Every structure is written in structure tokens, then in C-alpha cells.
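Some notes on the structure that comes next.
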Amino acid sequence: MKNTFIILLMFLSTSISFAQKKEKDSIKVIELKEVILIGKKAAEYEKNSKSLSTIEAFLHQSSSINMIKRGAYAWEPIINNMPTERTLVTIDGMRIFGACTDKMDPITSYIEVTNLSEAVIQDGQSGSLFGNTIGGSVDLKRNKPVFGEKKLETQFHSGFETNNSQKILGSSVNFKNESFYFDLDIMSRNAENYSAANHQEVLYSQFNKLNFSTTFGFRIKEHKLLETSIIYDKATDVGYPALPMDVSLAEAFITSIKYEVVPKNSTIKNWETKIYFNTIKHVMDDTTRPNVPIHMDMPGWSETFGFYSKLKYSFEKHHFLVNLNSFYNKSLAEMTMYPNNPNENLMFMLTWPDVRTLYNGVFLEDSFTVSKNSNLTLNISLGNHLNTVSSQFGLESLQIFYPEMSDKKNRFLKSFGANYHFSKSGFHYHFGVAYSERAPSVSEGYGFYLFNSFDGFDNIGNPNLKNESAIEGSFSIGLKKEKLMIKANASYFYFYDYIIAQTDFSLSPMTIGANGVRVYSALDTATIFNTSLSFEYFVNPFFTWNLQTTYAIGKTNDNENLPFISPFSYTSSLRFKKNKFTSEIQLVGNATQSNFNAEFGEDQTPNFAILNINAGYQFKFGNTKLMLKTGIENVFDKNYSTYADWNNIPRMGRNMYVNLNYLL
């Protein structure tokens, strides 16, 4: 009865809401995008309570995004309560695939806040610009200057956090003139083990990280430019307290070259073509762990070549977007086990059997201006997805379970959607329907004895899985006035062939102490319902009150709970700003997670509420600026964990921080 009441309350709240999407005037196209400002371009840091926070903390501001945490580093973003298999994360439109079978290296872990300008979030099928997705997408856009009057800007960043003695140091250099620009950024982080409440040390939660990013732009002709970029990221000695293994190395090299045309007085508004390459190496090991039953090394590699060519043009009342995109990915992971008896042979297997994925797709969108107050957006995405198992040893290993398995699997993926927007007198409405499909991930299709420490089972992929598909319905309604903005969103996903690992009692586990073996299969149907309410009120010129709540339900076709579905959560803050001084008090909490599924390792997590406070001041010395941000997180040192904390790992206790940003 309590759950039903919450659902009804949240659903009824959609009658007084406003989507926090990027908004244009009523005559132009109304976009579905939600944009979160990040890094040094985010209004000179003023709006960010913790300017040198992680990418994940910035993304968590969105009501659509939560984080699965396995430690203090590299949290896995989940969009609309769907994990990374059902969503899409890109960096400047580039497809990048992690090299870890345990998802310890999400794409967000290979960049830094200081080299990003914004995160563009699109819900559901509307995020299919760079490939098929069901849950939605996040495109992380990097900083870049624009051509203009000659200017050189230098920035220095430093920070310290008391709980885990995290030390943050970085520097940025930006230059531009009429024909050339560049952006150079270096950032390092070093953290020791953090402590939960009451100074309880959480072992194996340390990490070291170095990130380097650079972008060069050249004006070829008046309306044409060439841009090259490089990202290098290296993390070492990364502990994962919720997992049985740590990471000795996570290293990424990401590079691209882009050609862009921005015509004047033309129906073509923008034409952008990019070629990119990235390679990732990820090494798991357990050498720092005591009492290990058998020592293991688990390295993984991922390489991706890709391109896209994106064209925007307008004709009368139509605003068209066309994107041709393609990528070729190689995913390889292996495991070597070292027996305690040196006279015994090593045990070796391929956990990802050198799977090659070739994808070619096209995305078409037409935003049609129906009237000065309304707009209709139609889109379709079509793609061909080919998997090839290149390792004969890996293929033969999987053929133990699938004797008729071929080394190739070709799939055709399609999705389409329609979204209607109406706005008048400050009221905004949105209605959307969509259909989307996705292919199984490398782990779901070809994983070989992947141990899941959350439920304690070894997992085996299934190359015979059908494409997972979903029908989506979305609705939002809101109001924007001079002192008030209120919005609410609701979305419903009805899945067919929902991919999930299920127990096979005929198989024996490979991992010592495992509960058994699960093989990826598909439920006939499943459903996920998401809803959120956001409220912003400008009390007076100095005070602003914000409130955000979310709630979700996920069910299987047998009415069982899907794993990792968020309970009711809320964030409320009161912000003060006068001249160069800002301060904020924030309350963050979750209700009890009662809709859990014990079969997948979940349990009931209790409700919690924590208090955060922060303050900032901007000092100006001639043409230079010094921004100071300081605050206390978890002020009352609350001991808690959430539904998304792997194996109930406790969150960080009281933490004080200082961030300094110096602009020359």
C-alpha cells in the first residue's frame, strides 16, 4: 500500500512540472537534451559547490542518472535505472568500450572535470544519435576555445579532502586567435583509504590517477576547421573494497581528428566528420589481498576504431539531423590462475575470447515546427551489428556449451521514436513514444566464467540471445515563471527478451567458493517505470531553494523485482549568493529499499539522510581570479550505504574539502 501511494503521488505530480531540458524560444526547435555544466566553463565555477569533484558527482545531479559504487573510484553510471549494457556513454561522440569484465572502468573514468565543458543527457531511445540504446545516452563534451581575438589564459587547480587525504593538482592552458586555438589540461589525484562513519577505515579504497588532455584547432578557410585531440589517462594502485580484486593499471589513449564546416546563409547549418581511435588496457590482480585461495591475474584490452559524419540542415519548418556512424571494436580478456603448489600447472582461460564487433549505422531526425507553440520530432536509427570470435581457443571453449555455435553472429538493429512538445504562457508539455533494440554486450554474449561478487555466481555468455527490445512511453509537464520552475517526468519501458543471467544447476562453478553458475538468457517481458519531480524557487535575490525527488519500479514477467532499481530518493538545498560569496546547505536521502531481489544478492538497505554544507568566494586581483570552494560532506558522520553500493560497502563518513582555482 505504501509503494502504491508513492507511485500515485509521483505520477500525479507530473501535472505540475517542467522538464529541465535545454530550452529554446517557442518558434525554434525544442530539444530533448538535458545539459549539465561541468568544469572550468561552468559559469566560472560559481554554480558548482565542489569545483574539483568527480565526473560521476556532476552526472548524479541529473534525475535520470544514478551510480553503482564498488569503491571510491570509477563509479558505473546507470541511466533510467538501466546499467551500461542498455545505455550509451560517449566522449565528443566517440564510442569507447571498457576493458574490464567486472565494469571497473566505465568510460567516465578516463576523463576529468577540468577538460570537460558539459554533459548532454538524452533519455531513452532519443539518445540513439551515436548507436542504438534503450535507456538513454550521455555525451561528455570537452572544453575547446573558439577562434577570435588573440588571448592566452592559464589556470591552476588544487584541492584537498580530509577523509581519504585526497590531493588534487592540475593546470590548464588555453590559447586562441583568428586561425588557431588549443586547450591543454593536466590533472592528478592521489587518495588513501577512506573512512566510513566513526573513523572506520575502508580497506582497499585508495587510488592514483593522472589525466592529460589536449585539443588543437586550425581554421582552413573562413567557415572550415580541422581539429585534433588526445586524451591520456592512467590510474594505478586502485582499490575496490567491494570486490575480491584490485586494479594495478587502468590506462587509456583516446585520439581523434575532426573536419567541420559551418556555412553562412545556407540551409546546411553544420557538417562535422570525425575519425577516432582509442585503446584501453586494464589489469586486475589480487596480490595485495591477504588469504587469497588462489592467486589470479585478469588483464583485459579494448581497441576501437570509428568515425561519424553528422549533418544538420533546415528547410522551411523542418530541422534535419543525419548521422552516419561506424566503429570496429576488439575486446579481449584473460585469466591466469597460479596454484599454491608450484609443481602444479597454471590454469588459463579467455574470459572475453577476442570478440570483434563491427557496427555500421545511420540516425535520421526531423524536428518539424507545427506552430509557434509546438514542435514534433521524429527519428529513426538503423544499424548492422556483426560479432566475430577471433580466438579459436576461445571459440572452442564456448562450444563446450554451444556445440553448434558459429564464430560469427550478425544482427540488424532498429529504433524509432516520436516526441511532441508544446509550450505556452510558461507551461511546457512533452509526450513521447518509441521502440528500440540492442544487441547483447560482449559479456552477455561471449563471457566465459565471469565471477559476479555481488550474487556470488560465475556467469557464462550466450551467443544465441535474441536482440533485446523495448517499447517506451514518456510524459512531462511543467511551469516556468520568473521566480518558479517546476518540472516532472515519467517514463515507462516495456521490454521483450530482457537479458539477465539465470541459474543453471547442471553446471559447476570455476571460482572457489562460488554459489553456482548462471547463464545469460532472456525473460519474455519486463518493465521499468521512472518518475521524477524537480522544483526551483527564487525566494529573493539572494536565496534559491531546490528540490528533486525520484522513484522507480522494475518488475520481471513473474512480478519479481529487477535488481538495482532506485527507491524513493530526494535532494533539497537552500543556496545563498551575494556578490562574490556563495553558500549552500543540502539534504540528501533515500527511503528504505524494500523492492529488492535477494536472488541477485540484494538486501533491504535502510533509509538515510545526510547533510552537506559548502561556501565559496571569488577573489579578484587585477586580471586574475582566485576561486575558493570549501565544504563539509556528511556533516553528522552518518553510517550508511545505498541500494547501489556493491556488497553494502559503506559510504564515506564526514569529509571536509578545499578547492582552489586560480585563473590568469
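For this structure, a couple of remarks:
- One residue stands out in the range 308-322 among those that are surrounded by fewer than 17 Cβ atoms within 10 Å (Cβ to Cβ) and either among the β-branched types (Val, Ile, Thr) or part of a strand (DSSP E or B) (or both): the one that is modelled with the lowest pLDDT, namely PHE315.
- Selection from the range 363-375 of residues that are surrounded by 14 or more Cβ atoms within 10 Å (Cβ to Cβ) and either under 29 Å from the mean Cα position of the chain (by Cα) or assigned to a strand (DSSP E or B) (or both): PHE363, LEU364, GLU365, ASP366, SER367, PHE368, THR369, SER374, ASN375
- Filtered residues of the range 231-274 (kept if under 22 Å from the mean Cα position of the chain (by Cα) and outside any strand (DSSP E or B)): GLY239, TYR240, PRO241, ALA242, LEU243
Condition check ((1) among the small types (Gly, Ala, Ser); (2) in a strand (DSSP E or B); (3) within 25 Å of the chain's Cα centre (by Cα)) across all residues:
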| residue | (1), (2), (3) |
| --- | --- |
| GLY478 | yes, yes, no |
| SER491 | yes, yes, yes |
| ILE499 | no, yes, yes |
| GLN502 | no, yes, no |
| ILE512 | no, no, no |
| ARG518 | no, yes, no |
| THR527 | no, yes, yes |
| SER532 | yes, yes, yes |
| TYR537 | no, yes, no |
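- Test result for GLN604, of a type outside the set (A, V, I, L, M), within 20 Å of ARG651 (Cβ to Cβ) and surrounded by fewer than 17 Cβ atoms within 10 Å (Cβ to Cβ): yes
- Residue list for the range 193-227, filter: in contact with a Ser or Thr (Cβ under 6 Å, 6 or more places away or on another chain) and either on the phi > 0 side of the Ramachandran plot or surrounded by fewer than 20 Cβ atoms within 10 Å (Cβ to Cβ) (or both): ASN193, GLU201, ASN208, LEU210, PHE216, ARG219
- Selected residue (criterion: surrounded by the most Cβ atoms within 10 Å (Cβ to Cβ)) from residues of the range 323-349 that are at pLDDT below 95 and among the aliphatic types (A, V, I, L, M): MET335
One line per residue, one yes/no per condition, for (1) in contact (Cβ under 8 Å) with a residue 24 or more places away in the chain; (2) farther than 20 Å from GLY93 by Cβ:
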| site | (1), (2) |
| --- | --- |
| THR288 | yes, yes |
| ASN291 | no, yes |
| GLU303 | yes, no |
| GLU316 | no, yes |
| SER331 | yes, yes |
| GLU334 | yes, yes |
| ASN341 | no, yes |
| GLU344 | no, yes |
| MET347 | no, yes |
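- Considering THR90, THR133, THR108, the condition of being in contact (Cβ under 8 Å) with a residue 24 or more places away in the chain and in a loop (DSSP other than H, G, I, E, B) is satisfied by THR133 alone.
- Filtered by the rule that a residue be over 30 Å from ASN452 (Cβ atoms), of a type outside the set (S, T, N, Q) and assigned to a loop (DSSP other than H, G, I, E, B), the range 560-605 gives a lone residue, LYS580.
A quick yes/no check of all residues on (1) more than 29 Å from GLN122 (Cα to Cα); (2) of a type outside the set (Lys, Arg); (3) touching a Leu at 6+ places or on another chain (Cβ under 8 Å):
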position	(1), (2), (3)
PHE348	yes, yes, no
GLY361	no, yes, yes
ASN373	no, yes, no
SER381	no, yes, yes
ASN384	no, yes, yes
PHE393	yes, yes, yes
GLU396	yes, yes, no
LYS408	yes, no, yes
ARG411	no, no, yes
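- Subset of the range 592-612 [among the aliphatic types (A, V, I, L, M) and more than 15 Å from ILE565 (Cα to Cα)]: ALA609, ILE610, LEU611
- For the residues GLY447, GLY478, GLY473, the requirement of being modelled with pLDDT of 95 or more, in contact with a Phe, Trp or Tyr (Cβ under 6 Å, 6 or more places away or on another chain) and on the phi < 0 side of the Ramachandran plot singles out GLY473.
- Some residue of the range 426-439 being crowded, with 23+ Cβ neighbours inside 10 Å, touching an Asp or Glu at 6+ places or on another chain (Cβ under 6 Å) and farther than 29 Å from SER126 by Cβ: no
- Residue in the range 171-178 that is among the small types (Gly, Ala, Ser) and surrounded by fewer than 19 Cβ atoms within 10 Å (Cβ to Cβ) present: yes
The values are calculated or read from the model by the stated rules, or taken from the named source; none is laboratory data. For clarity, every value in this text was computed on a predicted model and none was experimentally measured. Cβ atoms come from the backbone with ideal geometry, glycine included; neighbour counts cover every protein chain shown.
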